[in-house]
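The values are calculated or read from the model by the stated rules, or taken from the named source; none is laboratory data. Computed from a predicted structure; not experimentally measured. Every residue, glycine as well, gets a Cβ built from its backbone with ideal geometry; the counts of neighbours run over all protein chains shown. These area figures cover heavy atoms from the full protein model, side chains too; ligands, DNA and RNA do not enter into them. Shrake-Rupley method; radii C 1.70, N 1.55, O 1.52, S 1.80 Å.
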Amino acid sequence: MKTKGLKFSWLIGSLFVIGLMATGIAIFGITFLGSLSIAELEAQRYAERDQSLARLVFESHLKSIEDQLRTTAVDQDLIDSVNEYDSGKATRILELAGQNSSGALPDVLILDHEKQMGWLNASLALVDVGAVLPGQTLRTMPPDVWRFYSDQSTDQPTNLAVIAIPVINPEDGRVIARLIGGSLINDSFTLLDSLSNVLSVQDIAIVHRNQTLASYGVFTDPAHVQEVLALLGDKSNVLWEAKLFTKSVLEAGDSGSPIYVIAEEPSDTLNNIEDTYLDIFFPFLLYIGIASIAAAYLVNQITASSLASLVSYASARADNNKSEQFEQGRIAEYNLLGSLFDKAFASVQKTNAQFRELIDGSLQGIVIHSNSKILYVNDALLQILGYDADEIDQLVGQSIWKIYAPEEHERMRNYRRIREVGGVAPTVYEVIAHSKSCDPIWIEQHVRMTTWNDAPAIHTTITDISDRKEQEKLIEQHANYDALTSLPNRNLFLDRLRQSLAQQEKTDATGAVLIIDIDRFKAVNDLYGHEVGDPILQTIAKRIETIVDSSDTVSRIGGDEFAVLLTDTEDDWEIERIAQDILHNISRKINAEAGKEIVLTASAGISVYPFDGTTETALLKQAEAARNQAKSDGGDRFRFFSKKMNERATRALRLEAALRRAIENDQLEIHIQPIIECVSGTVAGCEALARWNDPELGIVSPGEFIPIAEDTGLIVPLGKQVLKKACEFYRECTERGYDLGGIGVNISPRQCREDGFINFVKATLDETDISPRSLTLEITESMMFDDSQIDPVALLTAIKSLGVKISLDDFGTGYSSLSYLKRLPIDTLKIDRSFIKDIETDKDDQALVNAIVTMAHALSIGVICEGVETRKQNTILMHMGCREIQGFYFGKPMPQDEFFEFLEEEPFKAELQLKVS
């Protein structure tokens, strides 16, 4: 069997030669680099020595000048001239200073007298001392300390090293003058000569701020100085082109700009090292090459025969020649490898037999096919597909497409084509199979390439997932469909709405969202229970479905709330027709259980896209706003969304934020409206009503902010404030001597649902110290009995246990059963103003009010008529037996101060006397 690749013996020999030569070259290179490193270390040591010497020379230079200055400072003649204030004498002494010295002479000599700063200046004429050492600098210069100053105002800065020596009067120890002296660093050839001699260099320069102060040799060229400084950078020395460059710090400087001395001297160390190693490199390379080839030949001779024997043995066993024996050679590892091969071949044969048994007995179906023909199937696959164990011949040798549903063939052929061109196709996927009886079976298959009889084949493991698919279908049903009506739920409705909006962007089609709410359905559930209510919802769902097309969506998105998605409408007329048909269909009589006939109506809101919005959130919100408007208009109708509704919604949001601030800042007030007892002509009581005058919005009507408070939950803290203010007001009335008989406060069912409501009422009564019988809590009939979260009997009984009176407000507008009037501990009925406003002319209103008054009297329940505005209304009500009247006729709701005036003036008595007369 021929194979591609290099012979092992040639490969080992080549690698051996390459390895030895590479090792030799690496050792040679390491040695060479080590020599260079030693040379650089030597240069570093040399540079460090130069730095120490340069610093020592500079310090000696300054020390010499300082010694001269100190000698002059103690000169008795100088002291006498200072005491005598004789400038001429002092100048001659300073000019003679240092003439007998062999060291450096001071370039700067200034004498400060105690009477005059800068008294004498005997400095060299070439030094502009005033520019470098202005008066302020001289004045603040510390004594006995060398300081360095620089004048950067010119192209060639002047650099000075200066020290101040005090001149002391020996008689009294007083400092009578300061001798300021120093050295000019610029062109200081005395210093430069000392540095050159000590460092043994001819090319040297003193540098400050990259500018040359003094220089010898090649450094007289400024360009060369800059090149060397750039080469050195932050380093103290550099070996470059057979030269050693060094940089030594003479003085760090007060401003962080040190004064350097740079030097250049020949150094051929690196060149000598390079020449030496270059001379021996090629002989070394030749020696390494010969030695490597010799060693490789020896290794090949030793290993070649053993390797050939091992290859011959492995080839024979691969051809199933079980009689072939391995002949051991001189290499122990090859001998061990031959023994392991023998064991491995035996193990593979055993494993193959076991693997075949495992495949045959696997619980998962397995099929192996090649060129679209089935080569092998196991018993599990036969069972999955409905074949008997002895019917294997009906599959083996047949086309692989026999076991798959026809609708899957094209997809699977595409996968095969992708694999053939080297693409990436799924290896795990779900597909529909065909059973023996041609029934569809959901399976999951794992596909991988294998070999079968030395030919490429496809190995597929198959799992029956029919049960899982059924479970997924049920899960999807629960996730996306309403359990009661089997309609799509809110999740699925929103998904379809998003898809419709995406499609609308491409086609410019129009559509609509309808939100439908069943009017007063809660009353049906409360009266008959869910066993009647649920079938009614199912009936309504079917009635809506009969109106819309199959391409549209009908969804139940809440308890008695439905949504309809119309995906392709011609115009508003079509939408209106569908909405009208839906409402008409809903309003048809429904035959419920036990022979009950129920008639319900619905309210619908409509938003049209893209005109009313292009997002599902906006369309639903606007449709709900239109639905709410339809309900406000009386129900049993539909309304299209309009901009005005959006403006109302925007104002509602603004009102909510302002109301929240008003409650937090205690900005709400109460106005008091009197209740008049017409027979006795007295104030029988009053009602506290919330009023709001916002700093920005102005006066906001209760009819506007109370519903917002109800919807947002702000009614709870608002109600607490109103109750507390009302009780405090009533206490003030009592303290002023007024007997009002009581005060009424409206409470919301939302307040009643709050934990601790009863305790809050009791705590407020205790805090304000008023009798519980003086407080009447007014509960709206419709809101109380429409709230399924409240048990009216339990709630009102708990309130009554405090001793507080209870009034059923707006009576006659709700749908409470009359039986509640017997069961509930109600003290008063307040007849709604809607029955009063037309009572002068409407006989039906007169009959209803008369019936309510008669019934209440029969049940020993008090009656108050609200909204009385005219004398005639008051007269009619009194004839019916209603004695307590509340309305604008006697008094509107008024601020507390005005109410006190009302109590003093009693204007209502004039009206009552006029009526009696």
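Here are the numbers for this structure:
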read-out	value
Qualifying residue in the stretch 530-540 (condition: crowded, with 22+ Cβ neighbours inside 10 Å, under 44 Å from the mean Cα position of the chain (by Cα), under 30 Å from Gln503 (Cα atoms) and at pLDDT 90 or above)	no
Criterion (under 18 Å from Val554 (Cα atoms), among the polar types (S, T, N, Q) and open to solvent by 80 Å² or more (accessible area, probe 1.4 Å)) met by exactly one of Gln499, Gln503	Gln499
Residues within the stretch 617-642 that are over 11 Å from Ala602 (Cα atoms), in contact (Cβ under 8 Å) with a residue 40 or more places away in the chain and charged (D, E, K, R), tallied	1
Residues of the stretch 749-761 that turn out to be open to solvent by less than 10 Å² (accessible area, probe 1.4 Å) and farther than 22 Å from Ser771 by Cα, as a count	1
Residue check, Tyr730 assigned to a loop (DSSP other than H, G, I, E, B) and at pLDDT 90 or above	no
Identity of the residue in the stretch 407-438, in contact (Cβ under 8 Å) with a residue 24 or more places away in the chain and surrounded by fewer than 12 Cβ atoms within 10 Å (Cβ to Cβ), that ends up farthest from Leu385 (Cα to Cα)	Glu407
Test: residue in the stretch 739-746 that is part of a helix (DSSP H, G or I) and either out of contact with any helix residue (DSSP H, G or I) (no Cβ under 8 Å at 6 or more places or on another chain) or under 29 Å from Val863 (Cβ atoms) (or both)	no
Residues satisfying the stated conditions in the stretch 72-100, i.e. open to solvent by 50 Å² or more (accessible area, probe 1.4 Å) and under 30 Å from Val261 (Cα atoms)	Gln99, Asn100
Any pair with Cβ under 6 angstrom, 6 or more apart, that starts in the stretch 773-795 at a residue that is at pLDDT 65 or above and ends at one that is outside any loop (DSSP other than H, G, I, E, B) and charged (D, E, K, R)	Thr776/Lys805; Glu778/Asp809; Thr780/Asp809; Thr780/Asp810; Glu781/Asp810; Val793/Arg823
Among residues of the stretch 605-621, those that are open to solvent by less than 50 Å² (accessible area, probe 1.4 Å), at pLDDT below 90 and polar (S, T, N, Q), counted	0
All positions within the stretch 688-703 that are closer than 30 Å to Leu903 by Cβ and in contact (Cβ under 8 Å) with a residue 12 or more places away in the chain	Ala688, Leu689, Ala690, Arg691, Trp692, Asn693, Asp694, Val700, Pro702
Residue that is farthest from Leu56 (Cα to Cα) [pool: residues in the stretch 196-213 that are touching a helix residue (DSSP H, G or I) at 6+ places or on another chain (Cβ under 7 Å) and modelled with pLDDT under 85]	Asn210
Residue tally, condition under 21 Å from Pro166 (Cβ atoms), in contact with a strand residue (DSSP E or B) (Cβ under 8 Å, 6 or more places away or on another chain) and polar (S, T, N, Q), over the stretch 105-155	3
The stretch 171-181, residues that are under 12 Å from Asp144 (Cα atoms) and open to solvent by less than 20 Å² (accessible area, probe 1.4 Å)	Leu179, Ile180, Gly181
In the stretch 559-568, the residues that are open to solvent by 10 Å² or more (accessible area, probe 1.4 Å) and touching a residue at least 60 places away in the same chain (Cβ under 8 Å)	Thr567
Pair list, Cβ < 9 Å and 6+ apart or interchain, from the stretch 750-761 residues that are assigned by the TED database to the domain that holds Leu795 and in a helix (DSSP H, G or I) to residues that are open to solvent by 80 Å² or more (accessible area, probe 1.4 Å) and at pLDDT 90 or above	Gln751/Lys720; Ile758/Ser801; Phe760/Lys720
Tabulated pairs, the stretch 862-878, first open to solvent by less than 30 Å² (accessible area, probe 1.4 Å), second in a loop (DSSP other than H, G, I, E, B) and of a type in the set (A, V, I, L, M), C-beta under 7 angstrom, 6+ apart or interchain	Cys865/Ile836; Glu866/Ile836; Gly867/Ile836; Val868/Ile836; Gln873/Ile836; Gln873/Ile839; Asn874/Val868; Leu877/Val868
Residue pairs meeting the criteria (Cβ under 8 Å; at least 6 apart or on separate chains; first open to solvent by 40 Å² or more (accessible area, probe 1.4 Å), in the stretch 150-170; second assigned to a strand (DSSP E or B))	Ser150/Thr158; Ser150/Asn159; Ser150/Leu160; Ser150/His208; Gln156/Gln211; Ile168/Arg174; Ile168/Val175; Ile168/Ile176
Wholly enclosed strands (runs of 3 or more DSSP E) of the stretch 581-696 bearing at least 1 residues among the small types (Gly, Ala, Ser) and closer than 26 Å to Ile715 by Cβ	602-609, 682-694
Candidates Glu410, Glu444, Glu476, filtered to the one that is out of contact with any helix residue (DSSP H, G or I) (no Cβ under 7 Å at 6 or more places or on another chain), within 30 Å of Leu565 (Cα to Cα) and not assigned by the TED database to the domain that holds Val554	Glu476
Cβ-Cβ under 7 Å pairs, at least 6 apart or on other chains, the stretch 32-54 side surrounded by 14 or more Cβ atoms within 10 Å (Cβ to Cβ), far side in a helix (DSSP H, G or I) and of a type outside the set (Val, Ile, Thr)	Phe32/Tyr277; Leu36/Leu270; Ala39/Leu270; Asp50/Leu199; Leu53/Leu199; Ala54/Leu195; Ala54/Leu199
Matching residues, the stretch 185-237, being β-branched (Val, Ile, Thr) and open to solvent by less than 20 Å² (accessible area, probe 1.4 Å)	Ile185, Val201, Ile204, Ile206, Val207, Val225, Val228
Test for Arg543: is it open to solvent by 10 Å² or more (accessible area, probe 1.4 Å), within 20 Å of Leu484 (Cα to Cα) and not β-branched (Val, Ile, Thr)	yes
